[in-house]
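Participant: Would you mind keeping the following structure in view while I ask a few things?
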Amino acid sequence: MASITRSVLSDQVKEHLLQAVLSGHYPPDSRIVETRVARELGISQGPVREALRDLEVLGIVETTAFHGARVRRPDKGELAEAYGIRAELESLGARLAVPRLVEADIAELQSYIDEMQRAASAGDVLAEAHVDTAFHGRIVEIAANVTLRRVWRFLEPTSRTYITFIAHAIDPHEMANLHQPIIDALQARDADAATEAVRRHFRIAAEMFDPFLEIASPAPTKDPAAA
């Protein structure tokens, strides 16, 4: 029971740190000090250490001897690779989802786009990224393929981190609009069109991000390890 409790706590710390990275509290190249995080959260270092290991596996942080954990700076080539893989995974997900869709699913997916537009109007990059994730994740869930869902969940945090770092350089309404052709194809129950719509979505998104990826990062707060 103690090991289960510790595992659950580690997952909570991982999500806490991931959100801190996405918000810019830990900008690229900043250190995440294990002892400081443990002290701030009022917990032992064990769950923090495990959370950092998980984030390293996901490619969010990197750990070096004598320097501890540091937030990785987005790499243009790696994002392109991740987007290419996600395009194939999610196009398969869309194809598998088509015969399982009901009208309530279409309405839910449409509501995500509406939420993205509201977040875009409010200038809330984090909220838009969160809803964007929910949109793509819902299609994967509808596909009902356990292996697909597992692989997608592994890749998604890295992609979301990169996107959040550079989203301030992109028209947020344009980003939200990229999702409409996917819904249109799903609503038509056209598996081929849905597959192509997903691939086109990632192709256009990659082209939009390309000019900004190497130079953009969130306006840093204070490096939490600098004090």
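Participant: Restricting attention to the stretch 189-209, and to residues there that are of a type in the set (D, E, K, R), at pLDDT 95 or above and not in a loop (DSSP other than H, G, I, E, B), which single residue is surrounded by the fewest Cβ atoms within 10 Å (Cβ to Cβ)?
Facilitator: 192
Participant: Restricting the search to the stretch 169-185, which residues are open to solvent by 40 Å² or more (accessible area, probe 1.4 Å) and part of a helix (DSSP H, G or I)?
Facilitator: Answer for the stretch 169-185, where residues must be open to solvent by 40 Å² or more (accessible area, probe 1.4 Å) and part of a helix (DSSP H, G or I): 172, 173, 174, 177, 180, 181, 184.
Participant: Going through the stretch 1-26 one residue at a time, which ones are in a helix (DSSP H, G or I) and at pLDDT 85 or above?
Facilitator: 9, 10, 11, 12, 13, 14, 15, 16, 17, 18, 20, 21
Participant: Among (1) over 21 Å from the mean Cα position of the chain (by Cα); (2) within 30 Å of residue 198 (Cα to Cα), which single condition is residue 28 missing?
Facilitator: Unmet for residue 28, out of (1) over 21 Å from the mean Cα position of the chain (by Cα); (2) within 30 Å of residue 198 (Cα to Cα): (1).
Participant: Now for a different question. Residue by residue through the stretch 84-138, note down the ones that are of a type in the set (Asp, Glu), over 19 Å from residue 160 (Cα atoms) and without any contact (Cβ under 8 Å) to a residue 24 or more places away in the chain. Lay out the reasoning, then the answer.
Facilitator: The first filter runs over the stretch 84-138 and keeps only residues of a type in the set (Asp, Glu), leaving 88, 90, 103, 105, 108, 114-115, 124, 128, 132.
With over 19 Å from residue 160 (Cα atoms) added as a condition, the list becomes 103, 105, 108, 114.
103, 114, listed by residue number.
The values are calculated or read from the model by the stated rules, or taken from the named source; none is laboratory data. None of these values were measured; they are calculated from a predicted model. Note that we place each Cβ from the backbone using ideal geometry, even for glycine, and neighbour counts take in every protein chain shown. The accessibility values were calculated without ligands, DNA or RNA, using every heavy atom of the protein model including side chains. Shrake-Rupley method; radii C 1.70, N 1.55, O 1.52, S 1.80 Å.
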